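So that we are looking at the same thing, I have put the structure below in structure tokens.
The values are calculated or read from the model by the stated rules, or taken from the named source; none is laboratory data. Keep in mind that what you see is a predicted model, and the values were worked out from it rather than measured. Glycine also receives a Cβ, built like all others from the backbone with ideal geometry; neighbour counts cover every protein chain displayed. Remember, those area values only see protein heavy atoms, side chains included, never the ligands or the DNA or RNA. Shrake-Rupley method; radii C 1.70, N 1.55, O 1.52, S 1.80 Å.
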Amino acid sequence: MTGERAAELIQADHQYLLQSYVRADFVIERGEGVYLYDSEGRRYLDFVAGIAVNALGYGDRDVLKAINDQAERLIHVSNLYHTQPAIELAKLLVQSSPAFAKAFFCNSGAEAIEGAIKFSRRYARAHVGEGKTTIVAFDGSFHGRTMGAVAITAREKYREPFMPVMPGVRFARYNDLDSLAAVMGDDVCAVVVEPVQGEGGLRAAEPAFMQGVRELCQRYGALLVFDEIQCGVGRTGTLWAHEQLGVQPDMMTVAKPLAGGLPIGAVLMGQHVADTIHPGDHGTTFGGNPLATAVGTVVFRKISDPAFLAHVQQVSNYLDEALQDFANEHADQVIELRGRGLMRGVRIAGSASAVREAAHRHGLLVATAGEDVIRLLPPLIIEPQHVDEALSGLRAALRA
Ligand SMILES: *Cc1c(COP(=O)(O)O)cnc(C)c1O
């Protein structure tokens with residue numbers, strides 16, 4: 001099935017690229033709307049979206065125009081100087097919720113998490129002094145691959161080979177307040193939690209759980225940090241996933257979809273946190289560069305438009321019903337449906353990666369989360385007909 005051209009490229013991939021990923025056995029060449037095309041001209045319906053990055057699909061005219069216009073003007077100049085695009089995107093992000101007063105830009109999700117960890121420790125040191133440094137995270141969490149982010153990521157497989165990672169981390173069980181209460185203490189400076197878990201299996205937080213998390217943070221003087229790197233920016237049908245929980249964070253990390261496929265990360269925080277960070281405390285060369293933030297401004301404006309979010313909600317409801325039907329039809333194989341909005345998990349009795357490979361052969365791209373969860377992360381611009389097409393791809397894949 002792999003053509004000659006693809007075979008040659010894949011062989012060169014194996015020769016020259018560090019083999020730290022298991023990639024699919026085709027070469028993607030271009031995208032259009034919600035479809036990708038490989039080097040053999042085969043078309044795939046994309047229910048991965050570059051891992052929740054390509055929210056506007058491929059070839060969005062406004063994104064392309066923003067890239068071209070800004071690239072001609074200025075791509076990078078460093079944080080030694082003021083530039084307008086970063087200021088504009090920061091203003092939009094800060095004004096998106098009363099919880100936020102300031103934005104810090106960086107270049108990836110993991111880097112946003114590192115920033116949030118440092119700001120939490122800085123805040124605790126400013127208010128309490130030394131010793132209040134512990135971070136609490138949850139089972140099923142995924143926060144990235146750098147030494148701090150991986151330390152608060154639950155899966156041992158990601159941490160063990162690199163020990164010692166950042167010390168001072170305790171884990172509690174997701175959606176289990178008693179287990180959180182058991183690990184809280186005066187040494188905790190922050191609780192980091194995904195309102196809807198991504199990589200770790202697509203579980204969504206219960207509102208009552210998150211309200212309890214908020215209260216425990218208050219009681220122990222710990223900051224509540226939401227990681228909305230995957231679930232934020234419209235993915236769950238509201239601009240921020242936590243809007244559906246009735247709880248406000250002290251700090252929040254954003255990344256994946258924010259700049260239309262260009263690398264970006266951001267930490268949003270309340271004024272009380274911002275007040276404890278001073279010039280020189282933290283920095284990054286590329287963070288907030290004019291190109292990424294100019295595109296981010298366009299992406300954020302489009303997605304935060306109430307009409308756009310209403311579309312995401314409608315197509316989410318359609319997907320929800322389609323998945324319920326699918327689960328009922330395959331009651332012997334489907335164990336559980338998870339997730340929110342256009343961030344959905346289908347837990348199955350068999351191997352999720354086997355279904356993913358079979359889906360590829362039927363022209364559908366899906367991701368996995370762990371061993372037994374098929375993860376669906378379509379571009380937010382999908383229409384009901386794409387849901388139908390994806391579900392027939394999944395049916396064919398499950399039969400295979
Ligand atoms: C992807 C992801 C990260 C890490 O982002 P990178 O850009 O890959 O470093 C952190 N948290 C969540 C919830 C993610 O989905």
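Taking the residues in region 28-55 that are touching a strand residue (DSSP E or B) at 6+ places or on another chain (Cβ under 6 Å) and of a type in the set (A, V, I, L, M) as candidates, determine which candidate is most open to solvent (accessible area, probe 1.4 Å).
Going through the qualifying residues, I end up with Ile28.
Let me ask something else. Testing Ala204 on (1) open to solvent by 10 Å² or more (accessible area, probe 1.4 Å); (2) more than 23 Å from Met147 (Cα to Cα); (3) away from the ligand (no atom under 16 Å from the Cβ), one condition comes back false. Which one is that?
(3)
Please verify whether Asp325 is more than 30 Å from Val94 (Cα to Cα), open to solvent by 10 Å² or more (accessible area, probe 1.4 Å), part of a loop (DSSP other than H, G, I, E, B) and not assigned by TED's automatic domain parsing to the domain that holds Thr153, treating the condition exactly as stated.
no
Collect the residues in region 207-237 that are on the phi < 0 side of the Ramachandran plot and open to solvent by 30 Å² or more (accessible area, probe 1.4 Å), keeping them in residue-number order.
Once the filter is applied, which keeps residues that are on the phi < 0 side of the Ramachandran plot and open to solvent by 30 Å² or more (accessible area, probe 1.4 Å), region 207-237 yields Pro207, Ala208, Gln211, Arg214, Glu215, Gln218, Arg219, Tyr220.
Give region 56-85 a look and list any residue that's in a helix (DSSP H, G or I) and open to solvent by 20 Å² or more (accessible area, probe 1.4 Å), or say none.
Arg61, Asp62, Leu64, Lys65, Ile67, Asn68, Asp69, Ala71, Glu72, Arg73, Gln84
Continuing with the same structure: Could you tell me whether any residue of region 281-288 is of a type in the set (S, T, N, Q) and under 18 Å from the mean Cα position of the chain (by Cα)?
No: zero hits.
Met166 - would you say it is at negative phi, open to solvent by 30 Å² or more (accessible area, probe 1.4 Å), of a type in the set (A, V, I, L, M) and not in a strand (DSSP E or B)? Write out each step before concluding.
Working: at negative phi: yes; open to solvent by 30 Å² or more (accessible area, probe 1.4 Å): yes; of a type in the set (A, V, I, L, M): yes; not in a strand (DSSP E or B): yes.
Spelling it out, Met166 is indeed at negative phi, open to solvent by 30 Å² or more (accessible area, probe 1.4 Å), of a type in the set (A, V, I, L, M) and not in a strand (DSSP E or B).
Of (1) outside the structural domain of Arg235 (by TED's automatic domain parsing); (2) small (Gly, Ala, Ser); (3) within 21 Å of Asn54 (Cα to Cα), Ala349 satisfies all except one. Which?
(3)
Looking only at region 37-58, count how many residues are under 21 Å from the mean Cα position of the chain (by Cα) and of a type outside the set (Phe, Trp, Tyr).
12
Please go through region 130-146 and give me each residue that is within 15 Å of the ligand (Cβ to nearest atom) and either open to solvent by less than 30 Å² (accessible area, probe 1.4 Å) or of a type in the set (Lys, Arg) (or both), ordered by number.
Residues satisfying the conditions are Ile135, Ala137, Phe138, Gly140, Ser141, His143, Gly144, Arg145.
State which residue is nearest to the ligand (Cβ to nearest atom) when the search covers only region 264-280 and only residues that are under 22 Å from the mean Cα position of the chain (by Cα) and more than 18 Å from Gln248 (Cα to Cα).
Gly265
Now a separate question. What are the residues in region 95-129 that are more than 13 Å from the ligand (Cβ to nearest atom), in a loop (DSSP other than H, G, I, E, B) and modelled with pLDDT of 95 or more, if any?
Matches in region 95-129: Gln95, Ser96, Ser97, Pro98, Ala99, Phe100, Ala101, Val128.
Looking for something within 21 Å of Gln230 (Cα to Cα) and under 22 Å from the mean Cα position of the chain (by Cα) - is there at least one such residue anywhere in region 62-72? Before the answer, list the steps.
We begin by selecting, within region 62-72, every residue within 21 Å of Gln230 (Cα to Cα); these are 63.
Checking the rest, the ones that are also under 22 Å from the mean Cα position of the chain (by Cα) come to 63.
Checking region 62-72: at least one residue is within 21 Å of Gln230 (Cα to Cα) and under 22 Å from the mean Cα position of the chain (by Cα).
Taking into account only those residues within region 328-374 that are without any contact (Cβ under 8 Å) to a residue 24 or more places away in the chain, in a strand (DSSP E or B) and not hydroxyl-bearing (Ser, Thr, Tyr), which is most open to solvent (accessible area, probe 1.4 Å)?
Glu336
Restricted to region 184-200, and to residues that are within 16 Å of the ligand (Cβ to nearest atom) and surrounded by fewer than 24 Cβ atoms within 10 Å (Cβ to Cβ), which residue is farthest from Ser141 (Cα to Cα)?
It comes out as Glu199.
Something else: Among strands (runs of 3 or more DSSP E) lying entirely in region 223-309, which contain 1 or more residues that are modelled with pLDDT under 95?
Fully inside region 223-309 and qualifying: nothing.
Just to check your reading of the model, which residue among Ala181, Ala154, Ala149 is outside any loop (DSSP other than H, G, I, E, B) and within 16 Å of the ligand (Cβ to nearest atom)? Step through it out loud before you land on a result.
Numbers: Ala181 fails: within 16 Å of the ligand (Cβ to nearest atom); Ala154 fails: outside any loop (DSSP other than H, G, I, E, B).
Testing whether each residue is outside any loop (DSSP other than H, G, I, E, B) and within 16 Å of the ligand (Cβ to nearest atom) leaves just Ala149.
For region 56-87, give me each residue that is within 27 Å of Asp305 (Cα to Cα) and small (Gly, Ala, Ser).
Gly57, Gly59, Ala66, Ala71, Ala86
As an exercise: evaluate Ile303 against (1) surrounded by fewer than 16 Cβ atoms within 10 Å (Cβ to Cβ); (2) aliphatic (A, V, I, L, M); (3) more than 18 Å from Leu394 (Cβ to Cβ) and give the number of the one condition it does not meet.
Tallying (1) surrounded by fewer than 16 Cβ atoms within 10 Å (Cβ to Cβ); (2) aliphatic (A, V, I, L, M); (3) more than 18 Å from Leu394 (Cβ to Cβ), Ile303 fails exactly one: (1).
Can you give me the number of residues within region 49-94 that are touching a Pro at 6+ places or on another chain (Cβ under 8 Å) and within 16 Å of the ligand (Cβ to nearest atom)?
So the answer is 5.
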